[in-house]
Amino acid sequence: MTFENKLQKIHDASMGLLAKSGIRYPSPTALDIFKKHGADVEGDIVRIDESTLMKYIGKAPARFTIEARNPKYNVDMGGGGHYAVPAYGSPYVEDFTGETRYSTLKDFIYFLKQIEALDDFHINGGILCQPNEYEAGVVTLLMWYAILRGSEKVLFCPAGNEKETRTMMEMACNLFGGRDEFRRSAKTVYLVDSVSPLQMDARTVDVIRVLAEYRQPFSFTSGVITGLTGPVTLAGAIAVGNAEILSGIALAQMIEEGTPAIYGIPVSGADMRTSRAVFGAPEMCIGIRYAAKLAKFYGLPSRGPAAISDAAYPSQQCAFESMMTMSACFNEGLDFLLHTAGCQDSFNSMSPQKFAVDVELFRRMNYLDRDIAVDEDSLAVALTMETGHGGNYLTCDHTLANFKKSLYIPQIGLRYSSDFDNEFDAQITKFLKKNIKKYAVPNMEAHDISGLRSTAAASGLPEEFMDAVERLLEERFETI
């Protein structure tokens, strides 16, 4: 069976699920929207036929630009690039002493600075790690305030409820010339997901509605885990996840046609010995493959997890699992590479050491992904004839002129060493400290800062919490 035939069969299975079983939406708002747009609504179950669904999927753009405050970092989503995206959601960090502990606002801002200093990343923010010293009612807006003040790249939203999401959009409007200008094009990106199997929660619906209102993109992924929240067979699990993703994207188009959307991962694996989800597993790479293929099938940009591992600390397991998932993302041509650097222990922990190694991995994958130049200068036929049999190219002008752009030069990675462990650790520390020294708080007009703080304060974010962010952004701490 060809791959195209497999995609068609998965599509057909998803269409059957959507038309016959339907998706549970415990949201009167969503039920009304679907009913008005031709779906069959019975209780809180939404059933939708293929022609109606595909009509709305077709309204989502296949390609769109997310504009950064600094245009240098604009993102061409769906244009064939591989965009590094921060890791997301860890409640713990493994600090420089090797201790794993609850993460703090200082940890969050440390990783914000690392990412801002590196041109490898065009996107900054999200839940880099959870500032656990703050209560749930304020922490989302606190992270968002830090992202808006600390980054000039594409703004990645931390997850919140409807009120928090609306406040985040209004805070961003302060930096982009007001609401109308903000809505004119994509400026942020947001993650949403389903409650598998075949369910959405009201919070997800409310967030999608707000994002559609502001015309801001979201990445939709499913909560399907093989054998736990979906069939243990990968084809069956992918069909369920695909149905959920398509339903959520269609809902956004019903609310506001043209709302940008990114197709996320339809399935994750499970360890049946422990009944736990696993992420640094080959099943995740299958999910990446089908996310990429199905996204192209539907004309949507795609998202995958780049460097993830179930290992609890930087180790050989971290290395091979991160390499496996990163390679899958590049090989399949995904656009939005979530969890590019630092994530370990099944998303539970962030590690500065792993962050540094993952950035090196991302750079190597970019090098492998590019093609070589084949022209008169690169073929160097005249040089080879001049150098002759048994000649030496080391001191040639051609070598001096081309070696930096032709050969990969690692910032982390030893090729000759008599004290590998210590020298490797020293390279990591040097790399991380260099990034922190490079970081500078982006310039922002005083009236923009005032508007930002006013909007945040009106929604309950205390002034002293914002002051704490300002101090940490200015502070030159090199370790956590």
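We did not get these values from a lab; they are worked out from the coordinates using the rules stated. Everything quoted here is computed from the prediction, not taken from an experiment. All Cβ positions, even for glycine, are placed from backbone atoms using ideal geometry, and neighbour counts span all protein chains on display.
Here are a few things to note about the model shown:
- Computed [θ] at 222 nm, helices only, for the chain once each DSSP H run of length n ≥ 4 contributes -39500 (n - 2.57): -15000 deg cm²/dmol
- All Cα-Cα separations within segment 16-95 were binned at 5 Å from zero, giving a P(r) of 3, 12, 14, 13, 9, 10, 17, 13, 6, 2, 0, each value a whole percent of the pairs.
- Stokes-Einstein diffusion coefficient of the chain, Kirkwood radius over Cα pairs, 20 °C, 1.002 mPa s, in µm²/s: 91 µm²/s
- Were the residues from THR2 through ASN70 laid out at 0.36 nm apart, the gain over their Cα-Cα distance would be 20.1 nm.
- Normalising the average separation of contacting C-alpha pairs (under 8 angstrom, six or more residues apart) by the number of residues puts the relative contact order of the chain at 18 percent.
- Note on THR395 and GLN317: with the Förster distance fixed at 56 Å, the Cβ-Cβ geometry gives a FRET efficiency of about 0.80.
- Degrees between helix 420-438 axis and first principal axis of the chain (Cα, 0 to 90, nearest 10): 70 degrees
- Annotation: lysines with alpha-carbon distance below 27 angstrom to LYS434 (same-chain offsets under eight excluded): LYS72, LYS106, LYS113, LYS153, LYS354, LYS404, LYS405.
- For segment 20-59, the Kirkwood estimate of the hydrodynamic radius, built from every pair of different alpha carbons, is 10.2 Å.
- Comparing Cα centroids, segment 139-210 and segment 1-74 end up 21 angstrom apart.
- Separation between Cα centres of segment 319-359 and segment 389-433, rounded to whole Å: 23 Å
- Rg(Cα)/(2.2 N^0.38 Å) for segment 136-184, N = residue count: 1.10
- Angle in degrees between helix 446-458 and the longest Cα principal axis of the chain, rounded to the nearest 10: 40 degrees
- Fewest neighbouring Cβ atoms within 10 Å first, the residues ASP201, ASP107 line up as ASP201, ASP107.
- In a reduced charge model with +1 at each Lys and Arg Cβ and -1 at each Asp and Glu Cβ, the chain shows a dipole moment near 700 debye about its Cα centre.
- Separation in nanometres of the label points that stand 7 Å from Cα toward Cβ, at GLU475 and SER21: 5.0 nm
- Debye intensity ratio I(q)/I(0), log10, segment 224-370, q values 0.17 Å⁻¹ (C-alpha model): -0.94
- Relative contact order computed over segment 84-123 (Cα-Cα under 8 Å; 6+ residues apart), in percent: 50 percent
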